[in-house]
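K.L.:
I am attaching a structure below and will ask some questions about it afterwards.
The values are calculated or read from the model by the stated rules, or taken from the named source; none is laboratory data. Note that the coordinates shown come from a computational prediction; the quantities given were computed from them, not determined experimentally. Here the Cβ positions follow ideal geometry from the backbone for every residue, glycine too, while neighbour counts run over all protein chains shown.
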Amino acid sequence: MDLPGLPELHASLVEAASAAGFERLDPGGEPGRCCLGFTRAGQAEAGVLYVSAGIHGDEPAGPLALLELLREDEWPEKLTLVMFPLLNPEGYAVGSRTNRFGIDLNRDYRARAAVETQRHLACLDKLGRFATAVCLHEDWESAGVYLYEVLADGLESWAGEVLAITDGYLPRERATEIDGHPARDGVISYAAEEVSRQDRVDWPEAFWLTAKHTGRCYTVETPSGAPLTQRVAAHQAAVRAICEVVLRKGGSPQ
Ligand SMILES: [Zn+2]
C-alpha cells in the first residue's frame, strides 16, 4: 500500500465523504491548513459516534483506514457519525509526529497553542455529547494492538470485545506495562473522572473529549512496525467493532 500525498489524500477524503452522504463541519481551506470534519445524521436515539485520526503525522494508518471506511460506506445508518480524519495535515505531508512548528497536537488541548488545535476545537465546540469517541493512533514501540479505554463511572468495558475483533488482523500487545502505563490483555484503563481532574497542562485530545463530550473514549493503537495494509485493516476492524457495540448496547449520550 502506497501513501498518498497530502493533496491526494485530502481530495480523496472529501470525495469519499461526500459520496457517502456526509456534510462538512469545517469551513474549508487549503489541504495543509484545513481541519477536515465530516458528519452524517442517523437516528437520534442510536447516539453519536466520534472518530478521529492523523493527529500524529507519522501515523498514517488511521487516516487511511477512515478513507477506506468512507469508501466502503457500510456505516450503520442509525448512528450519527462525526469524523475528523486528518488532524495534522502538515505533519502527514512530511511524516512528522508534530505540526510544522514542532508542537505535538495531542498535548495541546488545554493550551490550544497550535492553529490546528484551535480549528479542531472551533468545530468541536459546536457539537454536543457523543455516545463514544474513538481516536486512531500508531505506536512505534509496541509489538501489537492495544487500547486506552477511558470510562465514566459505572460504564461497562467494551475493550475486550473490540480487541477480540482486531486479534483477527494483528497480534495484541500483551505487555503488563505499555507506554509507562499498567496494562492488562492489551487494555490501559482510566476512569473519566480521574482524567478530567488531572491538572497537567498538556492535555491529549482524549482528555478534552472525555472532559467535554463523552464518558467513553477509546484510543486505538496499532504497531508501526507491522505492514501498513495490516495496520489499516486493524483500524478499520476496530472502528467497525465499536460501531457494532454502540448499536447493540445503546448509544445514549454518556
Ligand atoms: Zn499517536
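K.L.:
Kindly indicate whether any position in the stretch 132-145 is within 22 Å of A192 (Cβ to Cβ), free of Cβ contacts under 8 Å to residues at least 60 places away in the same chain and small (G, A, S).
P.N.:
Scanning the stretch 132-145 turns up no residue that is within 22 Å of A192 (Cβ to Cβ), free of Cβ contacts under 8 Å to residues at least 60 places away in the same chain and small (G, A, S).
K.L.:
Would you pick out the residues in the stretch 63-85 that are crowded, with 23+ Cβ neighbours inside 10 Å and either out of contact with any strand residue (DSSP E or B) (no Cβ under 7 Å at 6 or more places or on another chain) or in a helix (DSSP H, G or I) (or both)?
P.N.:
Of everything in the stretch 63-85, those that are crowded, with 23+ Cβ neighbours inside 10 Å and either out of contact with any strand residue (DSSP E or B) (no Cβ under 7 Å at 6 or more places or on another chain) or in a helix (DSSP H, G or I) (or both) turn out to be P63, L64, A65, L66, L69, L70.
K.L.:
Just give me the residues in the stretch 165-203 being over 19 Å from the mean Cα position of the chain (by Cα), at pLDDT 95 or above and of a type in the set (G, A, S), in sequence order.
P.N.:
Listed by number, the residues that qualify are G168, A175, A183.
K.L.:
Among the residues of the stretch 53-62, is there at least one that is at pLDDT 95 or above, in a loop (DSSP other than H, G, I, E, B) and more than 15 Å from the ligand (Cβ to nearest atom)?
P.N.:
no
K.L.:
Moving on to the next point. Which one of A41, A20, A111 is among the small types (G, A, S) and either closer than 21 Å to A237 by Cβ or surrounded by 23 or more Cβ atoms within 10 Å (Cβ to Cβ) (or both)?
P.N.:
A20
K.L.:
If you don't mind, another one. Suppose we filter R129, R112 for residues that are free of Cβ contacts under 8 Å to residues at least 24 places away in the same chain and in a loop (DSSP other than H, G, I, E, B); which single one remains?
P.N.:
It is R112.
K.L.:
Being assigned to a loop (DSSP other than H, G, I, E, B) and within 16 Å of the ligand (Cβ to nearest atom) is the filter here; which residues of the stretch 87-109 pass it?
P.N.:
If the condition is that a residue be assigned to a loop (DSSP other than H, G, I, E, B) and within 16 Å of the ligand (Cβ to nearest atom), then L87, N88, G95, S96, R97, T98, N99, G102, I103, D104, D108, Y109 are the ones that fit.
K.L.:
State which residue is modelled with the lowest pLDDT when the search covers only the stretch 35-44 and only residues that are over 14 Å from S12 (Cα atoms) and not aliphatic (A, V, I, L, M).
P.N.:
Q43
K.L.:
Quick one: in the stretch 204-221, which of the residues that are within 15 Å of the ligand (Cβ to nearest atom) and touching a helix residue (DSSP H, G or I) at 6+ places or on another chain (Cβ under 7 Å) is farthest from L136 (Cα to Cα)?
P.N.:
Per the criteria, the residue is F207.
K.L.:
Anything in the stretch 150-164 that is more than 16 Å from the ligand (Cβ to nearest atom) and under 17 Å from R184 (Cα atoms)? List them, or say none.
P.N.:
Selection gives L151, E156, S157, W158, A159, G160, E161, V162, L163, A164.
K.L.:
Mind checking which residues of the stretch 180-228 are assigned to a helix (DSSP H, G or I) and free of Cβ contacts under 8 Å to residues at least 24 places away in the same chain?
P.N.:
Hits for the stretch 180-228 are E194, S196, R197, A211.
K.L.:
Against the definition (buried (at least 24 other Cβ atoms within 10 Å of the Cβ) and within 14 Å of the ligand (Cβ to nearest atom)), how does D139 come out, yes or no?
P.N.:
It is false that D139 is buried (at least 24 other Cβ atoms within 10 Å of the Cβ) and within 14 Å of the ligand (Cβ to nearest atom).
K.L.:
Sort out which residues of the stretch 172-229 are of a type in the set (S, T, Y) and under 23 Å from V51 (Cα atoms), and write them in order of number.
P.N.:
Correct list: S189, Y190, S196, T210, T214, Y218, T219, T222, S224, T229.
K.L.:
Go over the candidates L121, L147 one by one and state the one that is surrounded by 24 or more Cβ atoms within 10 Å (Cβ to Cβ), within 25 Å of A191 (Cα to Cα) and of a type outside the set (D, E, K, R).
P.N.:
Unique residue meeting the criteria: L147.
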